[in-house]
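Colleague: Got a structure for you, written out below as C-alpha cells; questions coming shortly.
Rule-based calculations on the coordinates, nothing more; no lab input. Bear in mind the structure is a predicted one, so any value in this text is a computation, not a measurement. So basically every Cβ, Gly included, is an ideal-geometry build from the backbone, and we count neighbours across all protein chains shown.
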Amino acid sequence: MDTLEKLATLSRDSRYDLACSCATAENEHRRRSRDDKWIYPVILPDGGTTYLFKTLLSNECINNCRYCPLRVGSDTCRCSMTPEETATAFLDYYNSGRVTGLFLSSAVSRNPDSTMELINRTASLLRRSGFRGYIHLKVIPGASDAAITHSVSLASAVSLNIETAGEENFMSLSDTKHYMRDIIGPIKLISRLTAKGCRYDRVKQTTQFVVGASRETDRQLISYSWNLYRNLGLSRIYFSAYQRGCGSPDLPGENSPVTNAELLAREHRLYQVDWLMRKYGFRGDEIPVGVDGNLSLETDPKEMWARAHPEFFPVNINTDGKQRLLRVPGFGKIMIDKILTARGSGSRIRSLDQLGKVGRVMGKSRGYITF
Ligand code: SF4
C-alpha cells in the first residue's frame, strides 16, 4: 500500500473514536469530508467548525476488546504507517491550509509502550519541525507512567478511553486489558499531571464510553461521568453507541434486545445529561433514571427532573435568578440571556412571545413558569 491507501484504511478505522471533539452535533462524529477521508470536522467551543487530520498509526492489534472490529483475530485489512510518513502527510495538509490539527491514535501493535513511543515520536517530529498547533494524542492502555508523561508534554490534549463504567462491566469487554491498572490508573496520572497549577495544566484530558457494549446502566455512566468531571478534572466525555455487528458474538451488546436506533437515542440522552452537568448546574445524582437504572428515551432528562420536582416550580421569569431559570424545561442559555437582557433594560416580560418565536422546545416551558 502507498501512504494514501494506508491513510484511507487507518483513518476509516479511527472514525468511531470521538474523544477529540469530532462530536457534539447530531451525527457530526460519523461524518468525514468527501474528498480527503482523513479530514474530520470538529466543533469549536464557540460553535464554529475546523478540521482535524485524524488517523491511526496502525490497526494491527494484540488486544481482544470484544466490541472492536480491530481486535486480534478479526478479519480486516491491516496496515501501519511510520511516524515519519504520518508527520510528513500531516504537514502537507497543514501547510496547504486544509487542516488545523492532528488527532493520532493507534491499535496496540506489539506492546503498549512501543506503541506509545511511535505516537510520541510522531508528535516529537512535528514539534521539532516548528508545528505549535493542536495535537491530540491517544494514550494507550497499559503504557508506562514515563511514556504517558512524555505524551502529555507533547500534546494539546490527550485521551484514554474508559469504555465502560466499572471493573465488572469492563471484564465483559476485554480480558487482555485490566480496568484499574491500564485505564483508571493512567487517567488519574494524567489528571495529576494536568491539574491546575501543575506543569502541564494547559493540556486537556477527554475520554469516551462505548454505550451498550456491556450491561452498564445509564445511572452507572452518569455516576462515573460526574466523578470524572468533578474529581479528575476531565474536559469532555464522549459517548459512542455500540453498533451491533462489529463485535464478538459473546459480547453482551451483541445479544441484547435493544436496537441500534434505541442505542443512538440513548447516546443522545447521555449527551443531554452531560450538558446538564457541565453547563446547567445539575449534579450527577439529581438526574432521574427509571427503576432499570436507565434514562427515559421518550422524554429529555431536564423535563423528567422537572416532572419529579413540582415543589421547585413555577419559576418566575421576571424575578428568579439564572440558576433557577436554567432548570426550566425548554429554556437554553440563549433564551435565558434574552430574559436577563430584557429584565436588565427595565422591561417587564408578560409572555413568551415577547422573547421570540415560541417553537416546540420553548413551548415545553409552559406549565413551569409564571410572569
Ligand atoms: S486496544 Fe482494543 S479498542 Fe484498541 S484497537 Fe485494539 S482491540 Fe480495538
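Colleague: Based only on other Cβ atoms within 10 Å, what is the fewest-to-most ordering of T164, T3, T9?
Modeller: With the fewest neighbours first, T164, T3, T9 line up as T3, T9, T164.
Colleague: Please find the FRET efficiency linking M171 to R202, where r is the Cβ-Cβ separation and R0 is fixed at 45 Å, and quote it to the nearest 0.05.
Modeller: Efficiency at R0 = 45 Å is approximately 0.80.
Colleague: Next up: What distance in nm lies between label points placed 7 Å from Cα along the C-beta direction at N227 and T259?
Modeller: The two pseudo-label positions are separated by 3.5 nm.
Colleague: For a footprinting-style exposure proxy, rank S214, S351, S144, S159 by other Cβ within 10 Å, fewest first.
Modeller: Going from least to most buried by this count: S351, S144, S214, S159.
Colleague: Let me know the shape class of region 166-308, please: from the alpha-carbon gyration tensor, a ≥ b ≥ c as square roots of the eigenvalues, rounded when a/c is under 1.5, otherwise prolate if a/b is greater than b/c, or oblate.
Modeller: oblate
Colleague: Multiplying the sequence separation of R348 and T100 by 0.36 nm and subtracting their Cα-Cα distance, what value in nm do you get?
Modeller: 84.7 nm
Colleague: At R12 and C77, where each label point lies 7 Å from the Cα along Cα→Cβ, what is the point-to-point distance in nanometres?
Modeller: 0.5
Colleague: Can you give the longest stretch of the chain with no exposed loop site, where a site means GluC sites (Glu not before Pro) in a DSSP loop (not H, G, I, E or B) with at most 15 other C-beta atoms within 10 Å?
Modeller: 27-297
Colleague: Which whole-number percent gives the relative contact order of the chain, counting Cα pairs below 8 Å spaced six or more residues apart?
Modeller: Dividing the mean separation by the residue count of the chain yields 11 percent.
Colleague: Okay, moving on. Taking only DSSP H segments of four or more residues, each worth -39500 (n - 2.57), what value at 222 nm results for the chain once the sum is divided by all its residues, to the nearest 500 deg cm²/dmol?
Modeller: -10000 deg cm²/dmol
Colleague: Something else now. Modelling each spin label as a point 7 Å along the Cα-to-Cβ direction, I'd like the L4/H309 distance in nm, to one decimal.
Modeller: Placing both labels 7 Å beyond Cα along the Cβ direction yields 5.6 nm.
Colleague: Moving to a separate point now. List the residues whose amide H sits under 5 Å from the amide H of F239, counting only those 5 or more places along or on another chain, with H placed 1.01 Å from N in the peptide plane.
Modeller: The list, which skips near neighbours in sequence, is F209.
Colleague: Related question: Need the C-alpha centroid separation for region 74-108 versus region 111-167, integer Å.
Modeller: 14
Colleague: In a GNM of the chain with a 10 Å cut-off on Cα contacts, which of G293, G247, G321 has the highest mean-square fluctuation?
Modeller: Its mean-square fluctuation being the largest, the pick is G321.
Colleague: Right, something else. In 20 Å bins starting at zero, report the fraction of Cα pairs in the chain per bin as a rounded %.
Modeller: Percent of Cα pairs in each bin: 27, 53, 19, 1.
Colleague: If you don't mind, another one. Using only Cα atoms, find the angle between the long axis of helix 260-279 and the longest principal axis of the chain, and express it within 0 to 90 degrees, rounded to the nearest 10.
Modeller: That helix lies at roughly 70 degrees to the long axis.
Colleague: Let me ask you something else. Counting only residues 5 or more places away or on other chains, whose amide H sits under 5 Å from the amide H of C79 once H atoms are built in the peptide plane?
Modeller: Answer set, sorted by chain and number: N59, E60.
Colleague: Of K6/K279; K338/K364; K196/K302, which ones are farther than 29 Å apart at the Cα?
Modeller: Beyond 29 Å: K6/K279; K196/K302.
Colleague: Still on this structure: Once you sort the root eigenvalues of the Cα gyration tensor of region 309-370 as a ≥ b ≥ c, which label holds: rounded (a/c under 1.5), prolate (a/b larger than b/c) or oblate (the other case)?
Modeller: Judged from the Cα gyration tensor, region 309-370 comes out oblate (a/c at least 1.5, b/c at or above a/b).
Colleague: Between K204 and residues 5 or more places away or on another chain, which pairs have amide H atoms under 5 Å apart, with H built 1.01 Å from N, and which residues are they?
Modeller: A157, V158
Colleague: Then there is this: Would you kindly derive the ³J(HN,Hα) couplings of region 216-228 from the backbone phi angles with the Karplus curve 6.51 cos²θ - 1.76 cosθ + 1.60 (θ = phi - 60°), listing them in order in whole Hz, with x for Gly and Pro?
Modeller: Karplus values, whole Hz, x for Gly and Pro: 5, 9, 5, 4, 5, 4, 5, 5, 5, 4, 4, 5, 5.
Colleague: For the chain, take the longest principal axis of its alpha carbons; what is the angle in degrees between that and the long axis of helix 83-95, to the nearest 10 within 0 to 90?
Modeller: For 83-95 against the chain, the angle is about 50 degrees.
Colleague: OK, next. Can you tell me which aspartates and glutamates have their Cα less than 13 Å from the Cα of K188? Leave out same-chain residues fewer than eight positions away.
Modeller: D145
Colleague: At a 10 Å Cβ-Cβ cut-off, how would you order F312, F331, F209, fewest neighbours first? Can you show the working numbers first?
Modeller: Numbers: F312 13, F331 24, F209 28.
With the sparsest Cβ surroundings first, the list reads F312, F331, F209.
Colleague: What are the ³J(HN,Hα) couplings of region 186-201, residue after residue, when phi is run through the Karplus curve with 6.51, -1.76, 1.60 and θ = phi - 60°? Round to Hz, x for glycine and proline.
Modeller: Each residue's phi maps through the Karplus curve to give x, 4, 5, 4, 4, 4, 5, 5, 9, 4, 3, x, 8, 4, 10, 6 Hz.
Colleague: How big is the antiparallel share of DSSP beta bridges in the chain, given as a percent to the nearest 5?
Modeller: Details: 6 of 30 bridges.
Here the share of antiparallel DSSP bridges comes out near 20 percent.
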